[in-house]
Amino acid sequence: MRGKKNSEIRRLNREVERLKREQDEVIRIKTGFLHRVSKKKREQKEINIVEELTSRQNMLELSILDMKQSLKGLRDEFDKKREPVIEEIKKYQKYIDDLEEDGSLEERWFACEALSDAVNMFLQRKSA
């Protein structure tokens, strides 16, 4: 859909540029010394070009506004879908951080104390 709008905008932009060139050509003919076309025909041609140019520019502006509205809708939809994903990423990051913390330090300390007590008791029994 977005590609279709982009191609429509490009097409309208090319038409506007073509019409501006035609308008410039009619103006050059109007101001030139050698007039092969009657004044009335030149003026009518210029009026037709101006009307068509205005029409195409209006269509172009409407297409651009429509595309901006579509982009805003897409951005809103993206943001709406993005938030849950960010929250899930945060949840998994916290889970990973918790896994990376050494939670066994206290258990290892108690195990070392128990082993030390057992070795001391063994040495006391052996010396007695």
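Is it the case that some residue within the range 95-118 is at pLDDT 90 or above and either within 30 Å of SER7 (Cβ to Cβ) or in contact with a strand residue (DSSP E or B) (Cβ under 7 Å, 6 or more places away or on another chain) (or both)? Reasoning before the result, please.
Step one: of the range 95-118, the residues at pLDDT 90 or above are 110-118.
Okay, now just the ones that are also either within 30 Å of SER7 (Cβ to Cβ) or in contact with a strand residue (DSSP E or B) (Cβ under 7 Å, 6 or more places away or on another chain) (or both), so none.
So far as the range 95-118 goes, no, none of its residues is at pLDDT 90 or above and either within 30 Å of SER7 (Cβ to Cβ) or in contact with a strand residue (DSSP E or B) (Cβ under 7 Å, 6 or more places away or on another chain) (or both).
Pairs please, first residue from the range 35-46 and closer than 12 Å to GLU25 by Cα, second anywhere and modelled with pLDDT of 80 or more and not in a loop (DSSP other than H, G, I, E, B), Cβ atoms under 9 Å, 6+ apart in sequence or on different chains.
Matching pairs, first to second residue: LYS45/GLU22; GLU46/GLN23.
Assuming VAL85 fulfils every condition listed in (1) more than 30 Å from VAL16 (Cβ to Cβ); (2) among the β-branched types (Val, Ile, Thr); (3) surrounded by 10 or more Cβ atoms within 10 Å (Cβ to Cβ) apart from one, which condition is it?
(3)
Pairs needed: first member in the range 56-76, of a type in the set (Ser, Thr, Tyr); second member anywhere, modelled with pLDDT under 90; C-beta distance under 8 Å; at least 6 residues apart or different chains.
From residues that are of a type in the set (Ser, Thr, Tyr), the pairs are SER63/LYS5; SER63/GLU8; SER63/ILE9; SER63/LEU12; SER70/MET1; SER70/ARG2; SER70/LYS5.
Taking only the range 62-82 into account, find how many residues are surrounded by 12 or more Cβ atoms within 10 Å (Cβ to Cβ) and of a type in the set (D, E, K, R). Full working, then the answer.
Taking the range 62-82 first, the residues surrounded by 12 or more Cβ atoms within 10 Å (Cβ to Cβ) are 63-64, 66-67, 70-71, 74.
Narrowing further to those that are of a type in the set (D, E, K, R): 66.
Final tally of qualifying residues: 1.
Confirm whether ASN48 is under 30 Å from SER7 (Cβ atoms), modelled with pLDDT under 90 and among the polar types (S, T, N, Q).
yes
The values are calculated or read from the model by the stated rules, or taken from the named source; none is laboratory data. On a predicted model such as this, the values are computed, not experimentally measured, just so you know. Note that we place each Cβ from the backbone using ideal geometry, even for glycine, and neighbour counts take in every protein chain shown.
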